[in-house]
Structure formats: C-alpha cells, structure tokens
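These notes concern the structure reproduced below.
Derivation of every value follows stated rules applied to the coordinates shown; laboratory data play no part. Computed from a predicted structure; not experimentally measured. Because the Cβ atoms are built from the backbone with ideal geometry, glycine has one as well, and the counts that use them run over all protein chains shown.
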C-alpha cells in the first residue's frame, strides 16, 4: 500500500512530462508553409470532399428551383393582368349593352283582320312565358300579360352558391349571347333558371333571358323575365337593371304610366344603384 502511494507522484510527473513534450509544436508559432500543409491535409479528407460536393449539388438544385419559381411568379402575374384586362373589357361591353335605352316605337295603328281570321286572332298564342304579343293591340297584350303575372306571381327565392356544374352551364349560355346567338341563348338561360332556381346565378340567367328575348323582338316574354328578377331575386345585383329594362319595354309598348312606375320604383328601392341615374333621366324625359 505504501509503495503505491510513493509511485503516484512519479506517475503524475511522468505524465506531465509526456504531455509537455507533445505540445511544443502547437504552442510554437507555425510558418506559412506549415499552415498551408496543415490546411491541405484537412482538405484532403475524403469525408469533407464528399460533403463539399453534396453541398455544391444542393446549391445548384436550389438555384434551379429558385429560377423556376421566379419564372412561374412572372407567368402568374402576367396571366392575372391579362385576365383582369379581359374581364374589364367584357364587363364594360355588356354594361354598355345593359344600359342602352330601348328605342321608343311610334304607336302602331291597329289593322282589322278579315272576318274569317277574327276568331283565330282572339286566341292568344302560347310563347316562352305564357302569352305572345299580338300586333293588333299593344294595350290588350299588356293587360293580358299583367293578368298572367298576377295569377302566377312568384315569391322571393333564397339563393345559394352556384355549384361547379351550374357555373359551366351558365358560361355556356353566356357564351351564346356573346356570340349574338340570341335564340339559343334564350333557350339556354330559361333551361338554366328552370333547373336551378335557387342558384345565385339564376337572377343573372333571367336578366339575360330578358335581353335575348328583346333582341328577338319578343317584348312581353322579355318583360316577364325582367319582372321575374325583380320579384324572385329582389336582392340581386341585376334587380335594378331589370327594373330599368322593364321600364324601357313598357315605354316601347306606349305604356308610359307603367314605364314611369317602373323607373320610380327603381329610384325608391335602389337609389344608389348605377341604373338609378339612367332611370331618373328617362323619368324626367317622360314628364
């Protein structure tokens, strides 16, 4: 035991000596050549070389991805600008169509049909919305129309968001009216409204059905579609325009009292709508 204690200091001194002998190179200043040689030994390490290569490849891939992202962002921005420009152009064009006043036709003198045709003329023909106007009497046609509307007066409909299928069907119908194929457009919009009465797009469908019918010279069916928007979809953005167009149709039928009523109703219910200014101007012209 005593011998072990005596050996311990010797071992400590020996270890210290060995340690001091191993450090002189590190403690002494190294020359430039020695430093370069040491760095070369470090860089020659295969593990570091492999990691360096992987890092270089990753940096190249990151740069390539960044370039793709930049190109995609540029493309998206360009498409957004094009889409916005086309939408504005289309909206301006159709807004112009919507607010173009209908021509006021001169009163047409009723022509008495031959005796054998009186019975046939007295029977109203059925059209898209019930009654087809007879050229012999505008007043009688409007009165008949009003009776049909009162009898079949629809109620306000609560709408929901349009489904993807409805959006496609509406776009197909809208493309027809853009191509001025009013006959096909009228049919497509009527079918859309019939199949999807609760769709948020149905009010627009009724409005454009009215415009299509007007272009085809079907005044009373046109009037029925415009009035349907006002009654069935009073909160729709197309309701003010529909009242304006209804007034225009009444005016073309020489029903000035009803035309004034339609314009005034627009001013009372939708005073802040764009169509209100048009209604005020037309109402002033009729007074």
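Quick notes
- Taking 0.36 nm per residue of separation and subtracting the Cα-Cα distance, full extension of the segment from residue 51 to residue 78 would add 5.7 nm.
- Compared with the alpha-carbon gap, the fully stretched path from residue 237 to residue 277 is longer by 12.9 nm at 0.36 nm per residue.
- Pairwise label distance in nanometres, residue 165 with residue 183, each label 7 Å out on the Cα-Cβ vector: 2.9 nm
- Förster radius 51 Å - calculated FRET efficiency between residue 67 and residue 216 (Cβ-Cβ, nearest 0.05): 0.40
- Working ranking of peptides 168-176, 46-54, 187-195 by packing, defined as the average number of other Cβ atoms within 10 Å per residue, highest first, is 187-195, 168-176, 46-54.
- Residue order, fewest to most beta carbons within 10 Å, for 225, 74, 196: 74, 196, 225
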